[in-house]
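The values are calculated or read from the model by the stated rules, or taken from the named source; none is laboratory data. From a predicted model like this one, the values you see are computed outputs, not experimental measurements. Because the Cβ atoms are built from the backbone with ideal geometry, glycine has one as well, and the counts that use them run over all protein chains shown. Note: accessible area is taken over every heavy atom of the protein model, side chains too, but ligands, DNA and RNA are not part of it. Shrake-Rupley method; radii C 1.70, N 1.55, O 1.52, S 1.80 Å.
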Amino acid sequence: MRKTDTWQDNREIISELKQKDSHFASIFDEHTMLDQQINQLEKDTVKHASREDEIEQMKRRKLHLKDEIYQIIDKNKLQSQAQHHTP
């Protein structure tokens, strides 16, 4: 997968995976939830200062989830390509 790929670039496969793979759906939802929580905390400067460590942990978890999401997308793309190329 190219580093420039985004959720938008992969929206069809993401939608398909969310429907057929419950693990993918749960990590994708957790990633989305963490993203929203981090954004809210970072906007609130008082909370941000007092919860810096927690925010960093959330960011690390979110990055880990993103890596796992892209691994699943890549694997699914490869399987899909292999199925289309078999004689």
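Looking at the stretch 2-14, can you tell me whether even one residue there is open to solvent by 80 Å² or more (accessible area, probe 1.4 Å) and either touching a helix residue (DSSP H, G or I) at 6+ places or on another chain (Cβ under 8 Å) or touching a residue at least 40 places away in the same chain (Cβ under 8 Å) (or both)?
Step one: filter the stretch 2-14 for residues open to solvent by 80 Å² or more (accessible area, probe 1.4 Å), giving 2-4, 8-9, 11-12.
Add one more test, that the residue is either touching a helix residue (DSSP H, G or I) at 6+ places or on another chain (Cβ under 8 Å) or touching a residue at least 40 places away in the same chain (Cβ under 8 Å) (or both), and what stays is none.
No, the stretch 2-14 has no match at all.
Considering only the stretch 30-48, state which residues are more than 21 Å from residue 18 (Cβ to Cβ), open to solvent by 60 Å² or more (accessible area, probe 1.4 Å) and in contact with a helix residue (DSSP H, G or I) (Cβ under 7 Å, 6 or more places away or on another chain).
Those that are more than 21 Å from residue 18 (Cβ to Cβ), open to solvent by 60 Å² or more (accessible area, probe 1.4 Å) and in contact with a helix residue (DSSP H, G or I) (Cβ under 7 Å, 6 or more places away or on another chain): 42, 47.
Please give the helices (runs of 4 or more DSSP H) falling wholly within the chain in which 3 or more residues are among the hydroxyl-bearing types (Ser, Thr, Tyr).
Values: elements: 11-20, 22-43, 45-50, 52-85.
Correct list: 22-43.
Select from the stretch 21-77 the residues that are farther than 22 Å from residue 9 by Cβ and of a type in the set (Asp, Glu) and write down the one among them that is farthest from the chain's Cα centre (by Cα).
Only one residue tops the list, namely 44.
Exactly one of these conditions fails for residue 27: (1) at pLDDT below 95; (2) in contact with a helix residue (DSSP H, G or I) (Cβ under 8 Å, 6 or more places away or on another chain). Give me its number.
The single condition residue 27 does not satisfy is (1).
Take the residues of the stretch 49-74 that are at pLDDT below 95 and open to solvent by 50 Å² or more (accessible area, probe 1.4 Å): which is farthest from residue 5 (Cα to Cα)?
Of everything passing the filter in the stretch 49-74, 50 is farthest from residue 5 (Cα to Cα).
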